[in-house]
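Here's the structure we're looking at; comments come further down.
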């Protein structure tokens, strides 16, 4: 993550990952989630914070989830149903369950199918935000499989991304992720929105007062903003596809945004958010590919090591310290944060203090 989005040292309060998990779990239980579901949701969120992906960890998302539970939009005790199933596929209705809780179960279904027939695909409609999609792809990688996960934006305020040349939004940020294991190198994990900037990074920028770069957002008439600018406020801009402008390849980001709409939404039998419907939730796609079904596992792991090491040791350009591959910096961040605590912005910790007092829970423990 760019330095501009990180919490300034003077605004940091360090929280241990176990203490954070305990408090998040307790908050979700107060929302009505069964203990095992609350633990699953806490694991999804805290694992994301450990990797340094604050955009989809507790800083931005937990308060949003609390609001959705309190409003009744999300169902704290969903009954996930199988709509259609084959040996290699399953279509699920998430019953308005929160995605960070019900999505891992969907990926595990895909993994079990891949163990039996080589490839497993699960699609889920009618559930909530599932956090960092890479978390779910990694569940397959940890089983020596290649994992993929995508999600499409929900209705209403979740649709705020412009197609190329458009003045009206039609998409959410529609992220795509893929994860793959190696022998000794940290796992490859690609997890990115199909927009020029992830939506939650704008919220981080607002929190720390960072500038937005040219081509990240557009004015409400669709005109791309092509100079550095502070966020104009959440109701005063649209987001642009990856590439920003047509000249910089925004048609590619626009096309990529269509993939989750097809794989996650339409394959699950849901109506895309850009079309009239009464949907309130989001739709997801999970795939697990058994490496052994395609090639020799040992060869794959050793070759991944060679490839990732080659990337990691590539000569850097002048002014840069090293070359990274997707997932490497997140792996290093996790090691550091397990040892030294997760640096949350003081405003986030203040919110935790407020919500725990409101819910009659113990205050979150600070890292010592």
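The values are calculated or read from the model by the stated rules, or taken from the named source; none is laboratory data. Here the structure is a predicted model, which is why all the values come from computation and not from measurement. Backbone-built Cβ (ideal geometry, glycine too); neighbour counts: all protein chains shown.
Table: residues versus (1) under 19 Å from residue 361 (Cβ atoms); (2) touching a helix residue (DSSP H, G or I) at 6+ places or on another chain (Cβ under 6 Å); (3) surrounded by fewer than 16 Cβ atoms within 10 Å (Cβ to Cβ).
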| site | (1), (2), (3) |
| --- | --- |
| 4 | no, no, yes |
| 10 | no, no, yes |
| 13 | yes, yes, no |
| 16 | yes, no, no |
| 22 | yes, no, no |
| 42 | yes, yes, no |
Residue match in segment 119-131 (condition: farther than 24 Å from residue 291 by Cα, at pLDDT below 95, part of a helix (DSSP H, G or I) and out of contact with any strand residue (DSSP E or B) (no Cβ under 6 Å at 6 or more places or on another chain)): no
Options 207, 170, 183; residue that is over 17 Å from residue 44 (Cβ atoms), surrounded by fewer than 22 Cβ atoms within 10 Å (Cβ to Cβ), in contact (Cβ under 8 Å) with a residue 60 or more places away in the chain and more than 20 Å from the chain's Cα centre (by Cα): 183
From 202, 225, residue being without any contact (Cβ under 8 Å) to a residue 40 or more places away in the chain, farther than 30 Å from residue 334 by Cα and surrounded by 16 or more Cβ atoms within 10 Å (Cβ to Cβ): 225
Scan of segment 267-308 for residues that are in contact with a helix residue (DSSP H, G or I) (Cβ under 6 Å, 6 or more places away or on another chain) and farther than 22 Å from residue 173 by Cβ, ordered by number: 288, 290, 291, 297, 300
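Yes or no, residue by residue, for (1) touching a residue at least 24 places away in the same chain (Cβ under 8 Å); (2) outside any strand (DSSP E or B):
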position: 55; (1), (2): yes, yes
position: 79; (1), (2): no, yes
position: 82; (1), (2): no, no
position: 100; (1), (2): yes, yes
